[in-house]
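**Student:** Sending over a structure as structure tokens; questions will come in a sec.
The values are calculated or read from the model by the stated rules, or taken from the named source; none is laboratory data. Keep in mind the model is a prediction, meaning the values are calculated, not measured. Reconstructed Cβ throughout: ideal geometry from the backbone, glycine too, with neighbour counts over all protein chains shown.
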Amino acid sequence: MTQTAELSTATPPQHVVRPSAVAGFLLVHAAAIAGVALVGFSWTGVALCVASYYLRMFAITAGFHRYFSHRAYRLARVPQFLMAFLGQTSAQKGVLWWASNHRHHHKYSDRPEDIHSPVQNGFWWSHIGWILSGLYDETDYTRIPDLAKFPELRWLDRNQYAATMVYAVALFFAFGWTGLIYGYFLSTVLLWHGTFTINSVMHLFGRRVFPTADQSRNSMIFALVTMGEGWHNNHHYYPSSAAQGFTWWQVDMSFSLLWLGEKIGLVKGLRRAPSPAVTEALALARTKLDVSVETSGQAMEDDPLAQLAARWDGIRDAARVTAHQALADLEAARLRAVQRLDVLQADYAAARTRAEAAASNRLVELRAEIENTRRELHDTLVRLVEAAENLGLSAAAPA
Ligand SMILES: [Zn+2]
Ligand SMILES: [Zn+2]
């Protein structure tokens, strides 16, 4: 109860969920738990639950996400319909609704307009609140003209629960109550949360490799839970790639299956992230700005920013003598960025020492701001050093 009260004071007034939607959502959870208690434990049930989870997770990640939202590969019309149908058995509303909202997420990732950003509106809002609010129930066709032109997809989207009901009934006829409870209810609840973690957890916890403008992260554990979607920072860096794991060890089961699909001719034009960009960015990861915010003061020799700053220190005195206007302007910009970074890092340290839950959101914001300012400072320093070198200035000889 206390947590609900805290949550409601922390979120703006328009961010409220509909009680009827919450009740329905909880009812499915209750059906799963009560059902398991009534049917009793069974290994057949566990196997059905896991199989049904991964079958449909594939349709969500490879289908709803990589195919319908990002067009990362091509499918013929019948497989396209089957993929949409299978995706809708997961009871995550319609395929067009899903893709349309997801395209919006990429357009505004972690900015105020983002409909499910944990950075903007907290964990629970990004996880499930935005769906239960009823604010985004309509499918915005203007974002998905490429998909809305197919009448069969529009029909599926309008009849959001047709596929999932057919699926539940089929499981009941094939495997009885065990099929319905384990294969449908329990599996669907797990599948919901598995999918929702991409919107919530994967913008909060894990490793940032690429300096994307959002707070997307990478996590091996969630890559296993979601068949490859845990490489979410990779994905935000290169959204049109069908592969979200960029290296051999970044397990991406959805992509492996799509690759097989390509071999048998079902999948066409699988898009991948360009390898030079990936290699370069992964190399950059070792000196990642985000990491050095946490460890600033250490690892200076690995920090490109610190190296540049040291180089500039060497040339600065020689540059001052020239009284060159371009250098003076850049130097002023550098000082402003340095001062801003100092203030931000002090705020960050202060926010970290505060124990309140409210501070964690502020921390994420501060980290983003620090990252931006560091990038700004980095760019200014690069230009300073280049400009100084163009003027024929070089570092003062060490005393
Ligand atoms: Zn995202
Ligand atoms: Zn995406």
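**Student:** Which condition number in (1) within 16 Å of ligand 2 (Cβ to nearest atom); (2) at pLDDT below 95; (3) part of a helix (DSSP H, G or I) is the one that Thr142 fails?
**Tutor:** With (1) within 16 Å of ligand 2 (Cβ to nearest atom); (2) at pLDDT below 95; (3) part of a helix (DSSP H, G or I) applied to Thr142, the lone miss is (1).
**Student:** Now a separate question. State which residue is nearest to Ala242 (Cα to Cα) when the search covers only region 33-68 and only residues that are within 16 Å of ligand 2 (Cβ to nearest atom) and hydroxyl-bearing (Ser, Thr, Tyr).
**Tutor:** Filtering region 33-68 for residues that are within 16 Å of ligand 2 (Cβ to nearest atom) and hydroxyl-bearing (Ser, Thr, Tyr), the one nearest to Ala242 (Cα to Cα) comes out as Tyr67.
**Student:** Are any residues in region 140-186 of a type in the set (Gly, Ala, Ser) and either within 16 Å of ligand 1 (Cβ to nearest atom) or closer than 24 Å to Asn101 by Cα (or both), and if so, which ones?
**Tutor:** Within region 140-186, Ala148, Ala162, Ala163 qualify.
**Student:** Would you confirm, using the coordinates I've provided, whether Gly269 is at positive phi and modelled with pLDDT of 90 or more?
**Tutor:** Details: at positive phi: yes; modelled with pLDDT of 90 or more: yes.
Criteria met by Gly269.
**Student:** I'm trying to understand the selection: among the residues of region 195-219, which are of a type in the set (Phe, Trp, Tyr) and in a loop (DSSP other than H, G, I, E, B)? Quick ask: steps written out before the conclusion?
**Tutor:** Residues of region 195-219 of a type in the set (Phe, Trp, Tyr): 196, 205, 210.
Hits for region 195-219 are Phe205, Phe210.
**Student:** If a residue has to be of a type outside the set (Ser, Thr, Tyr) and surrounded by fewer than 18 Cβ atoms within 10 Å (Cβ to Cβ) to count, how many in region 135-144 make the cut?
**Tutor:** The first filter runs over region 135-144 and keeps only residues of a type outside the set (Ser, Thr, Tyr), leaving 135, 137-138, 140, 143-144.
With the extra rule that they be surrounded by fewer than 18 Cβ atoms within 10 Å (Cβ to Cβ), the set shrinks to 135, 137-138, 140.
Total satisfying the criteria: 4.
**Student:** Mind telling me which of the residues Thr195, Thr164, Thr178 ends up being within 16 Å of ligand 2 (Cβ to nearest atom) and either in contact with a helix residue (DSSP H, G or I) (Cβ under 9 Å, 6 or more places away or on another chain) or within 12 Å of Ser52 (Cα to Cα) (or both)? So that I can check it myself, show each step before the final result.
**Tutor:** Details: Thr164 fails: within 16 Å of ligand 2 (Cβ to nearest atom); Thr178 fails: within 16 Å of ligand 2 (Cβ to nearest atom).
When all the criteria are applied, what remains is Thr195.
**Student:** Please state which of the following conditions Arg18 fails to meet, knowing it meets all the rest: (1) modelled with pLDDT of 95 or more; (2) basic (Lys, Arg); (3) more than 16 Å from ligand 1 (Cβ to nearest atom); (4) more than 13 Å from Thr188 (Cα to Cα).
**Tutor:** Single failed check for Arg18: (1).
**Student:** Taking the stated definitions as given, is Phe255 part of a helix (DSSP H, G or I) and either over 12 Å from the mean Cα position of the chain (by Cα) or more than 14 Å from ligand 2 (Cβ to nearest atom) (or both)?
**Tutor:** Numbers: part of a helix (DSSP H, G or I): yes; either over 12 Å from the mean Cα position of the chain (by Cα) or more than 14 Å from ligand 2 (Cβ to nearest atom) (or both): yes.
Against the criterion (part of a helix (DSSP H, G or I) and either over 12 Å from the mean Cα position of the chain (by Cα) or more than 14 Å from ligand 2 (Cβ to nearest atom) (or both)), Phe255 qualifies.
**Student:** Going through region 231-265 one residue at a time, which ones are surrounded by 24 or more Cβ atoms within 10 Å (Cβ to Cβ) and farther than 19 Å from Ser69 by Cα?
**Tutor:** Phe246
**Student:** Select, from Leu147, Leu132, the only residue that is crowded, with 16+ Cβ neighbours inside 10 Å and more than 22 Å from the chain's Cα centre (by Cα). Explain how you work it out, then say what you get.
**Tutor:** Numbers: Leu132 fails: more than 22 Å from the chain's Cα centre (by Cα).
Answer to the check: Leu147.
For every residue, the table says whether it meets (1) out of contact with any Lys or Arg (no Cβ under 6 Å at 6 or more places or on another chain); (2) modelled with pLDDT of 95 or more; (3) not assigned by TED's automatic domain parsing to the domain that holds Pro118.
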| position | (1), (2), (3) |
| --- | --- |
| Phe150 | yes, yes, no |
| Leu153 | yes, yes, no |
| Phe172 | yes, yes, no |
| Phe185 | yes, yes, no |
| Asp214 | yes, no, no |
| Met220 | yes, yes, no |
| Val225 | yes, yes, no |
| Asn234 | yes, no, no |
| Ser240 | no, no, no |
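**Student:** Taking region 111-123, which residues are surrounded by fewer than 23 Cβ atoms within 10 Å (Cβ to Cβ) and either acidic (Asp, Glu) or within 10 Å of ligand 1 (Cβ to nearest atom) (or both)?
**Tutor:** Matches in region 111-123: Glu113, Asp114.
**Student:** Among what's in region 220-234 and is out of contact with any strand residue (DSSP E or B) (no Cβ under 7 Å at 6 or more places or on another chain) and in a loop (DSSP other than H, G, I, E, B), pick the residue that is farthest from ligand 2 (Cβ to nearest atom). First the steps, then the outcome.
**Tutor:** In the first step, residues of region 220-234 are kept if they are out of contact with any strand residue (DSSP E or B) (no Cβ under 7 Å at 6 or more places or on another chain); the result is 220-222, 224-229.
Okay, now just the ones that are also in a loop (DSSP other than H, G, I, E, B), so 226-229.
Values: Thr226: 12, Met227: 14, Gly228: 12, Glu229: 9 Å.
Among those residues, the one meeting the criterion is Met227.
**Student:** Still on this structure, please answer the following. Between residues in region 180-197 that are closer than 18 Å to Lys93 by Cα and touching a residue at least 60 places away in the same chain (Cβ under 8 Å) and residues that are among the acidic types (Asp, Glu) and assigned to a helix (DSSP H, G or I), which pairs lie under 6 Å by C-beta distance while being six or more apart or on different chains?
**Tutor:** Hits for this filter: zero, empty list.
**Student:** So His106 ticks every box in (1) within 16 Å of ligand 1 (Cβ to nearest atom); (2) part of a loop (DSSP other than H, G, I, E, B); (3) not hydroxyl-bearing (Ser, Thr, Tyr) but one. Which box is left unticked?
**Tutor:** Going through the list (1) within 16 Å of ligand 1 (Cβ to nearest atom); (2) part of a loop (DSSP other than H, G, I, E, B); (3) not hydroxyl-bearing (Ser, Thr, Tyr), His106 breaks only (2).
**Student:** Mind checking which residues of region 79-103 are surrounded by fewer than 23 Cβ atoms within 10 Å (Cβ to Cβ) and in a helix (DSSP H, G or I)? Spell out the reasoning first.
**Tutor:** Residues of region 79-103 that are surrounded by fewer than 23 Cβ atoms within 10 Å (Cβ to Cβ), as a first pass: 79-83, 85-86, 91-93, 97, 101-103.
If the condition is that a residue be surrounded by fewer than 23 Cβ atoms within 10 Å (Cβ to Cβ) and in a helix (DSSP H, G or I), then Pro79, Gln80, Phe81, Leu82, Met83, Phe85, Leu86, Trp97, Asn101, His102, Arg103 are the ones that fit.
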